[in-house]
Amino acid sequence: MQRWGLGNVRFNHPIAGIEPVDSALGYFGRVHVETTNWNQDTGFAELWQGDADRTLHQVSQFASVQLISAMPVDRISFPVLLVDDDRAGFEMVRSADQNVQYLRLGSGLTHSLRGDVGGFATWLEWVDHELATLSEQLSPDDWLIVTSSVATDPTLGRFTREYVPLLIEVKGQGTGQALGIRRTLADVSASIMATVTPLVPAMGHPFLTELGLVDHHMDGD
């Protein structure tokens, strides 16, 4: 994640142990979640524009979509593939043929809310390795988006109001650039929708369109 620009997202308050890079290989930024009652479920709802069922149904009309999660998820209109843990989730992502896959990780949240700093750090290092492996398996023009629907501090053992990171790798593109501070997690789903449908999202601004990576005037042909 450092190569994608994780160390660049807080230029005025560097992340300890993660130095910024001069030429990030991904697009990098941070998100200030809009919802006031921010928790695991409300963050997920904002990520999908406050109405997961409607939004994801719109996307699934144009692309095959699936959610891979170790935790049950309500109010969505496409298949949820339950796995035993995060490791099984990554394995399923690597073997699946779906056009849009959303992997929801849960072990880090468990470590953080328990105040297990060592367990959280080990989990985060493992996720970083798994993302690197997944990146190597992407096809040209595939996008890998990494963010979080909730913020926690393992030193406090509770939810916090911190920014969450937003990292994107576009396979085959050498360097990325800053995404700035996004004002809602809905920008993520708005960008995903922009890749498969000309429908205007109810919330959020598609940053991939802003970067010229998606043609906003898609006609569906």
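A few points about this structure:
- Selection of the range 33-55 for residues being at pLDDT 75 or above and assigned to a helix (DSSP H, G or I) yields Gln40, Asp41, Thr42, Gly43, Phe44, Ala45, Glu46, Leu47.
- Residues of the range 67-90 satisfying the condition of being part of a loop (DSSP other than H, G, I, E, B) and of a type in the set (Gly, Ala, Ser): Ala70, Ser77
- Sole exception among (1) open to solvent by less than 70 Å² (accessible area, probe 1.4 Å); (2) at pLDDT below 90 for Thr133, by number: (2)
- Candidate set from the range 148-168 (those that are open to solvent by 50 Å² or more (accessible area, probe 1.4 Å) and in contact with a strand residue (DSSP E or B) (Cβ under 6 Å, 6 or more places away or on another chain)); member that is nearest to Leu6 (Cα to Cα): Pro165
- When Ala24, Ala45 are checked against the criterion of being surrounded by 15 or more Cβ atoms within 10 Å (Cβ to Cβ) and farther than 19 Å from Ala132 by Cα, Ala45 stands alone in meeting it.
- Candidates in the range 87-104 are the residues that are among the small types (Gly, Ala, Ser) and more than 16 Å from the chain's Cα centre (by Cα); of these, the one that is most open to solvent (accessible area, probe 1.4 Å) is Ser95.
- Residue match in the range 168-179 (condition: among the hydrophobic types (A, V, I, L, M, F, W, C), over 15 Å from Leu105 (Cβ atoms) and in contact with a helix residue (DSSP H, G or I) (Cβ under 6 Å, 6 or more places away or on another chain)): yes
- Any pair with Cβ under 6 angstrom, 6 or more apart, that starts in the range 72-86 at a residue that is open to solvent by less than 50 Å² (accessible area, probe 1.4 Å) and ends at one that is assigned to a loop (DSSP other than H, G, I, E, B): Val80/Val73; Val83/Ala70; Asp86/Leu105
- In the range 1-21, the residues that are more than 18 Å from Thr147 (Cα to Cα) and open to solvent by less than 80 Å² (accessible area, probe 1.4 Å) reach residues that are assigned to a loop (DSSP other than H, G, I, E, B) and charged (D, E, K, R) with C-beta atoms within less than 7 angstrom, at least six apart or across chains, in these pairs: Val21/Arg3.
- Residue in the range 61-71 that is modelled with pLDDT of 95 or more, open to solvent by less than 80 Å² (accessible area, probe 1.4 Å) and over 21 Å from Thr152 (Cα atoms) present: no
- Listed by first and then second residue, the pairs linking a residue in the range 91-114 that is in contact (Cβ under 8 Å) with a residue 24 or more places away in the chain and part of a helix (DSSP H, G or I) to a residue that is open to solvent by 30 Å² or more (accessible area, probe 1.4 Å) and of a type in the set (Lys, Arg), with Cβ atoms under 8 Å apart and 6 or more places separating them unless they lie on different chains, are Leu113/Arg158.
The values are calculated or read from the model by the stated rules, or taken from the named source; none is laboratory data. Keep in mind it's a predicted model, so treat the numbers as computed, not measured. In this analysis, Cβ positions are derived from the backbone assuming ideal geometry, glycine residues included, and neighbour counts consider all displayed protein chains. The area values use the complete protein model at the heavy-atom level, side chains included, leaving out ligands, DNA and RNA. Shrake-Rupley method; radii C 1.70, N 1.55, O 1.52, S 1.80 Å.
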